[in-house]
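The values are calculated or read from the model by the stated rules, or taken from the named source; none is laboratory data. Please read these numbers as outputs of a predicted model, since none were measured by experiment. Glycine also receives a Cβ, built like all others from the backbone with ideal geometry; neighbour counts cover every protein chain displayed. Heads up: the accessible areas ignore ligands, DNA and RNA and are worked out on the full protein's heavy atoms, side chains in. Shrake-Rupley method; radii C 1.70, N 1.55, O 1.52, S 1.80 Å.
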Amino acid sequence: MKFCGYLIRYDELALKGKNRPFFEKRLISNIKEKLKEFSITTEYLWGRILVYCEKSPEILDRLRKVFGISSLSPVVEVSSELAVIQEQALLLLMSTLAKEENREENQNLTFRVSANRVDKKFPLTSQAVNIAVANFLLPHYPFLKVNLNHPALELGIEIREKRTFLFLEKERGLGGLPVGTGAKVLALLSGGIDSPVAAWMMMKRGCSVEFIHFYSYPYTAEQSKEKVLDLVRHLSQYQNKSFLHVVPFGKIQESIQKQCHERYRTLLYRRLMQRIATELAYRRRARALVTGESIGQVASQTVENISAVETATDVCIFRPLIGFNKQETIQIAQKIGTYEISIRPFEDCCTLFQSSCPATRARLLDLLQEEEKVPYKEFVQGAVDSIETLSI
Ligand code: ATP
Ligand code: MG
């Protein structure tokens with residue numbers, strides 16, 4: 001009995017009809033890309049992907065971050081003959097339960113066999129295999145108690161033509177769609193908690209994400225850029241390659257602060273950010289912008305303000321967190337590992353020159369009048385020309 005690799009399942013892709021091969025190919029190429037430093041091979045089985053490799057926590061950790069995988073199992077491959085399946089299932093069970101027979105918590109260990117006969121030519125039905133294998137195993141482990149509903153230990157048997165896969169572990173993957181099956185989008189990434197989660201959620205829907213960050217050095221610390229770079233490095237684990245576009249924004253903010261009404265400052269910053277991001281999106285062929293906004297979270301994120309700001313762009317804006325409260329976003333940030341980076345204490349440029357009395361329901365007309373007080377077209381051109389692009 002020898003571990004041969006990881007059996008990968010995907011569910012959402014199976015619904016894709018004629019486009020299914022496109023999604024499957026992408027999933028396989030993403031898996032290969034993520035594991036390119038390891039010696040692996042992949043095999044496409046109808047409805048499954050098998051990654052042949054050594055058993056390795058590092059490989060498993062990388063597979064856990066590939067969108068499109070609904071679940072995965074470390075498997076043993078055996079030939080599709082009942083006697084072999086029984087023998088090898090026993091060895092697998094022994095390797096898991098080795099020397100544990102006398103342990104107290106094993107005394108009433110619940111167990112079931114779950115066979116799935118993909119090859120309908122196999123002479124026994126799935127249910128008959130369940131019974132035959134369980135009857136073979138149980139005399140060796142009398143302390144196992146069969147429980148079909150909530151077993152602590154489940155032996156999976158997937159019978160295919162010529163070969164069969166056995167497994168005792170099955171863990172959930174991230175689900176979603178393989179990155180690269182959707183369009184490219186440009187995420188506005190601050191150093192905060194929300195925008196990295198928003199970017200991650202777009203990756204989950206198959207989009208490849210590039211990042212744009214506005215920073216106000218020398219008004220904010222140089223480390224704030226380092227923090228954003230760390231966020232991008234971290235998020236890159238969920239897609240193949242990332243680009244971070246860094247835009248110097250301090251001079252623009254200073255000018256808005258001097259020329260425009262204090263009430264509209266943050267909203268004018270936002271409009272300028274969107275204008276610059278839009279220019280960059282055209283250049284990079286990104287089809288949409290992404291922000292971490294959610295309704296009512298801060299003064300700038302009322303429905304009125306969000307809609308007055310977004311007239312600055314004609315590119316579609318996605319806001320995957322729009323209906324979340326902060327705690328829900330924090331939970332995802334913790335799960336995906338961005339939270340620890342986001343809470344590092346560096347100022348974002350938007351807190352710079354912040355007004356003490358921001359407009360909560362700005363009228364578009366007022367905002368447009370204020371915007372005219374600065375040469376915003378020149379600002380956009382200047383900013384786009386001085387973008388620094390880092391590839392990660
Ligand atoms: P976050 O936690 O993402 O910063 P937030 O709740 O603090 O969100 P704001 O700071 O008002 O909200 O920002 C709203 C959105 O605007 C952010 O989610 C992000 O998409 C974008 N944004 C804000 N500041 C920047 C920045 N310096 N660079 C790029 N995008 C930014
Ligand atoms: Mg913020």
For the stretch 3-172, calculate the relative contact order in percent as a whole number, restricting contacts to Cα pairs under 8 Å that are 6 or more residues apart. 27
Over all Cα pairs of the stretch 265-392, how is the pair count split among 5 Å bins, expressed in % and running from 0 up to the last occupied bin? 2, 9, 16, 20, 22, 18, 10, 3, 1
Roughly how many Å² of Val76 are accessible to a 1.4 Å probe, to the nearest 10? 10
Which of the aspartates and glutamates could a cross-linker span from Lys25 if the Cα-Cα distance has to be under 19 Å and same-chain partners fewer than 8 positions apart are dropped? Asp11, Glu12, Glu33, Glu43
Radius of gyration and Dmax over the Cα atoms of the chain, both given in Å: 26.9, 85
Roll a 1.4 angstrom probe over the protein heavy atoms and tell me the percent of accessible area of the chain that is carbon or sulfur. 52
In whole percent, what relative contact order does the stretch 184-391 give with Cα contacts below 8 Å and a gap of six or more residues? 34
If you bin every alpha carbon distance in the stretch 197-330 into 10 Å steps from zero, what whole percent lands in each bin? 11, 38, 42, 9, 0
Please calculate the 1.4 Å probe accessible area of Phe379, with all protein chains present, and give it to the nearest 10 Å². 40
What does the charge add up to near Leu45, with Lys and Arg as +1, Asp and Glu as -1, over the other residues with Cβ less than 13 Å from its Cβ? -1
Of the peptides 275-287, 311-323, how do they stack up when ordered by the mean number of other Cβ atoms within 10 Å, highest first? 275-287, 311-323
Can you tell me the dipole magnitude for the chain around its Cα centre, using point charges on the Cβ only (Lys, Arg +1; Asp, Glu -1), in Debye to the nearest 20? 1020
Dipole-positive endmost among Ile131, Ser242, Ile193 within the chain (Cβ charges, Cα centre): Ile131
I'd like the accessible area for Met1, computed on protein heavy atoms only with a 1.4 Å probe and all protein chains in place. Round to 10 Å², please. 90
Where GluC sites (Glu not before Pro) fall in DSSP loop in the stretch 314-385, at most 12 other Cβ within 10 Å: Glu372
The correct ranking of Lys184, Lys25 by accessible area at 1.4 Å, largest first, is Lys25, Lys184
Between Leu289, Leu97, Leu186, which gets the highest mean-square fluctuation from a Gaussian network model of the chain, Cα cutoff 10 Å? Leu97
Considering only Leu177, Tyr215, His140, whose Cα is most displaced toward the positive end of the charge dipole of the chain, charges sitting on Cβ of Lys, Arg (+1) and Asp, Glu (-1)? Leu177
Heavy-atom accessible area ranking, 1.4 Å probe, most first, across Phe143, Phe136: Phe136, Phe143
Given the Cα-Cα distance of Leu60 and Asp314 and 0.36 nm per residue of separation, how much length would full extension add, in nm? 87.3 nm
With axes computed from alpha carbons, what is the tilt in degrees of helix 250-259 against the longest principal axis of the chain, rounded to the nearest 10 within 0 to 90? 40
Place a +1 charge on the Cβ of each Lys and Arg in the stretch 3-172 and a -1 charge on the Cβ of each Asp and Glu, then give the dipole magnitude about the Cα centre in debye, rounded to the nearest 20. 820
Based on alpha-carbon positions alone, could you give the equivalent ellipsoid semi-axes of the stretch 1-144 from the gyration tensor, as √(5λ), descending, whole Å? 31, 20, 13
Can you say what percent of the DSSP beta bridges in the stretch 3-172, counting only those with both residues inside, are antiparallel? Round to 5. 75
Please give the net charge around Gln297, taking every other residue with its beta carbon less than 10 angstrom from that of Gln297, where Lys and Arg add +1 and Asp and Glu add -1. -1
Mean accessible area per residue over the chain (1.4 angstrom probe, all protein chains present, square angstrom) is 48
Taking only DSSP H segments of four or more residues, each worth -39500 (n - 2.57), what value at 222 nm results for the chain once the sum is divided by all its residues, to the nearest 500 deg cm²/dmol? -11000 deg cm²/dmol
Count of lysine pairs, the stretch 184-391, Cα-Cα under 18 Å, sep. 8 or more residues or interchain, comes to 10
